[in-house]
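What follows is one structure encoded as structure tokens, with my remarks underneath.
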Amino acid sequence: MNDLFVKDGYVYRIDVLNADDTTLLEISRSMGLALNLQEMKKIQEYYRKRNRNPTDLELEALAQSWSEHCCYKSSKYYLKQYVYNIAKEKVVAREDAGVMPFDDDHYYIVALESHNHPSAIEPYGGAATGIGGILRDVLCMGAQPVALIDPLFFGRLDTPYEMLPRGVKHPRYLCRRVVEGIRDYGNRVGIPTVAGEVYFHKSYTGNCLVNVGCVGIVKKDKLVHSSVKHAGDVYIYAGGKTGRDGIHGVTFASEELSEESEEKSITAVQLGDPITKEPLIHACLECNEKGLVEGMKDMGGGGLSCVCGEIAYEGGFGAEVHLDKIPLREEGMKPWEIWVSESQERMLLAVKEENVEKVLAIFEKWDVEAVPIGKAIEELFIRIYYKGQMVGNIELLFQVGAVEYEREWVPPPVMECDDPSFDMPDNMENVLLSILSSHNVCSREWVVRQYDFEVRGATPLKPMHGAMGMQGPADAAVVKPLENSFRGLAITADVNPYYTVLNPYWGTCAAIDEACRNLAAVGARIDTFVDCLNFGNPEKPERMGEFVESMRALHDMASVLEIPFTSGNVSFYNESVTGGVAPTPTIMGVGIVEDVRRCATTNFKHDGNPVYLIGETKREMGGSEYYQHLGIEGGMVPRSDVQVLKDGIERVTAGITGGTIVSCHDVSNGGLAACLAEMVMGGRGAELCLYGIPGIRTDIKLFSESNTRWVAEVEKDTEKEFVQLFEGFPVYRIGYVKGEHLIIYDGEDMHTYIDIPREKLYETWNDTLWREMG
């Protein structure tokens, strides 16, 4: 192989012109490019037409741009077919983040990304830099970040150590270190982490998923785009120095994890620095506020090699960059290492030449390093220089837009079956307490209390509701991004892998359904979806089939709701020696709250108020907490009727904003019984009878997880208005707020199935993670 690498000044020329197929693959493997034979042959043909061999820097740059992480080569075809065109007229922009109208003068910005592979091998750093990256995605649109979101997925906490394959860390360790990474970065940079989810499922044992989201706010006249505006615009590098951390981060994330991943790829994990990030945010925003920024983009996946070309290409220009001007953290870095490093806390600003000194002065004031490193040019090439030598010269169209696949797929195997017949357990109280203490229903307080969710003083609806010392869960958090307005943004994140593993289509529909329900439960109408689509190896037709089924579901739900996917991410190759992860299309929902003072919370408020179940309860128990408790596999995943959902959202939000509904909680994991327990533990007790719910057995009434259902506490003086509001929609008055116990009857004989004190419900629900995680 050595004779294929010929030194040429500061770089090596790689002899692809004379390489056969075997040699091309060996070049890709030895350089860590993660390019397949078809892609290597495409590069070979490109350079044959130019009668020269590529430099090592050029090959590395193409590998970054053509990685799954950067160019979505396996998903773009299906995203365009199913997702991009839904209600696209509502979307202001889709760039590093999505842009949506907030009020007459402001946009809100949303982004959701994955940092799965880095977190699997170095959980603290992987999670922390995930937060750092998503903040930059919002910042580069000129927006002030106002909230963070963290949907997290781990293997089961009770996994025996002897069952872990070589090279796989225990889920308990991964969970602890990921939460600590998010905590330390988010808290130190001063942005509240307000929403998310934590799921435990055996499929994540070898490949945890760390999804991170951010919401920001920007004045409409200060929105910045990720593109240059003019030839001659100067590239200004700002922020942290460049080191060898994060090299091959995107190519590492575009392959399956193996036993050797930690040893081979630990340097692909970046090193975060929130203390540098905080003044970097301030400096970038000040430059933007003073009208000095023509375009801005963060140095994320692929580092300089991607950002310098992409920001120029989007503006219809090329660029030249001088690598010897890059501030370095380490001596002896090769040009290609500087070009593809993913060192953190770095931004690229495009600035008019006459404004360069003003911009540099602002960064100096904030004690943030900033230097000019290049400029936009008329020719559509990216030209890279190092100490006077041109070390790279690539057509941008070839680098940025060269690869897209329509991958082969087959329908995933049928995992569902009819719900089986079985005898109802004798003791419903024990079943409820077991479900409340289960890992996927129990309190997330151990996680939530580590995050500063009130920093900035703009989180009127917090992640937990109720009296201090006995708070229950929230369906969505609400942030108030502007000082002089009571208009707010409600935020939630949802997906249930126990559904999607049985049926990717209906499991994805359920994720959309739950996101909408959660927002409606606080009084917000869904305004946009953001997705993070975590799947296995797209080169395997069954895995690709799971992805396509999920895409169909996103389209079928969102197109009827007329709600766009403003931003998102696709993360493939989430596979390890333990197999592929459950299909995990994480859905982040953002809704508009007209007045944050009118939001509802989940905790029951006042004795004597009637309690209503909104929506139909059915025997569709596949993936439910009840079936897991009983050890039953299979069953039918809950279905969604999007027209019913659309109608239900409007009625529930109208009831909350109109003041008839004073408490509300969506029915999800653990069914109606768990929903009622969570409402009781954060507030008052309730006495309820389920006899009016027709056609199903008591345990199904209690633990069915049918979609499009809420429980509402209605202000007793407005019950008539509530009934009128829900005329023609299935609602059942099931009892009243009362006392300090959760009491549930059923049957003509009014048999008491559950009678549990509020304190016991709370202690059972709250204890699990504190005990497991210490």
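General observations
Results for (1) surrounded by fewer than 19 Cβ atoms within 10 Å (Cβ to Cβ); (2) at pLDDT below 95, shown as yes or no for each residue.
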| residue | (1), (2) |
| --- | --- |
| I696 | yes, yes |
| T708 | no, no |
| G739 | yes, no |
| Y762 | no, no |
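- Residue count for segment 720-731 under the criterion of being in contact (Cβ under 8 Å) with a residue 12 or more places away in the chain, farther than 23 Å from E678 by Cα and not in a loop (DSSP other than H, G, I, E, B): the result is 2.
- L323 farther than 25 Å from V138 by Cα, open to solvent by 10 Å² or more (accessible area, probe 1.4 Å), touching a residue at least 40 places away in the same chain (Cβ under 8 Å) and among the aliphatic types (A, V, I, L, M): no
- Looking across segment 409-433 at every residue that is without any contact (Cβ under 8 Å) to a residue 24 or more places away in the chain and of a type in the set (D, E, K, R), the one that is most open to solvent (accessible area, probe 1.4 Å) is identified as D426.
- One residue stands out in segment 620-643 among those that are hydrophobic (A, V, I, L, M, F, W, C) and in contact with a Phe, Trp or Tyr (Cβ under 8 Å, 6 or more places away or on another chain): the one that is nearest to I435 (Cα to Cα), namely L630.
- When residues of segment 507-530 are limited to those that are out of contact with any helix residue (DSSP H, G or I) (no Cβ under 7 Å at 6 or more places or on another chain) and open to solvent by 10 Å² or more (accessible area, probe 1.4 Å), the one nearest to V560 (Cα to Cα): D527
- Of all residues in segment 656-672 being in contact with a Phe, Trp or Tyr (Cβ under 6 Å, 6 or more places away or on another chain) and open to solvent by less than 10 Å² (accessible area, probe 1.4 Å), the one that is farthest from E594 (Cα to Cα): G671
- Residue in segment 548-560 that is surrounded by 21 or more Cβ atoms within 10 Å (Cβ to Cβ) and closer than 13 Å to K88 by Cα present: yes
- Residues satisfying the stated conditions in segment 764-774, i.e. surrounded by 15 or more Cβ atoms within 10 Å (Cβ to Cβ) and outside any helix (DSSP H, G or I): none
- Flag for I744 being at pLDDT below 95, open to solvent by less than 10 Å² (accessible area, probe 1.4 Å) and either touching a Ser or Thr at 6+ places or on another chain (Cβ under 9 Å) or assigned to a helix (DSSP H, G or I) (or both): no
- Those residues of segment 278-302 which are at pLDDT 95 or above and assigned to a loop (DSSP other than H, G, I, E, B), in sequence order: K290, G291, L292, V293, E294
- Enumeration of residues in segment 87-137 that are of a type in the set (D, E, K, R), assigned to a strand (DSSP E or B) and closer than 18 Å to L223 by Cβ: R94
- Taking the listed residues R136, R177, R183, R188, the one that is crowded, with 24+ Cβ neighbours inside 10 Å and among the basic types (K, R) is R136, with no other qualifying.
- Top-ranked residue in segment 434-474 [being assigned to a loop (DSSP other than H, G, I, E, B) and farther than 24 Å from E772 by Cβ; ranked as most open to solvent (accessible area, probe 1.4 Å)]: R456
The values are calculated or read from the model by the stated rules, or taken from the named source; none is laboratory data. The structure displayed is predicted, hence computed values, not measured ones. All Cβ positions, even for glycine, are placed from backbone atoms using ideal geometry, and neighbour counts span all protein chains on display. Each accessible area value is taken on the protein alone, full model and side chains, heavy atoms only, with ligands, DNA and RNA left out. Shrake-Rupley method; radii C 1.70, N 1.55, O 1.52, S 1.80 Å.
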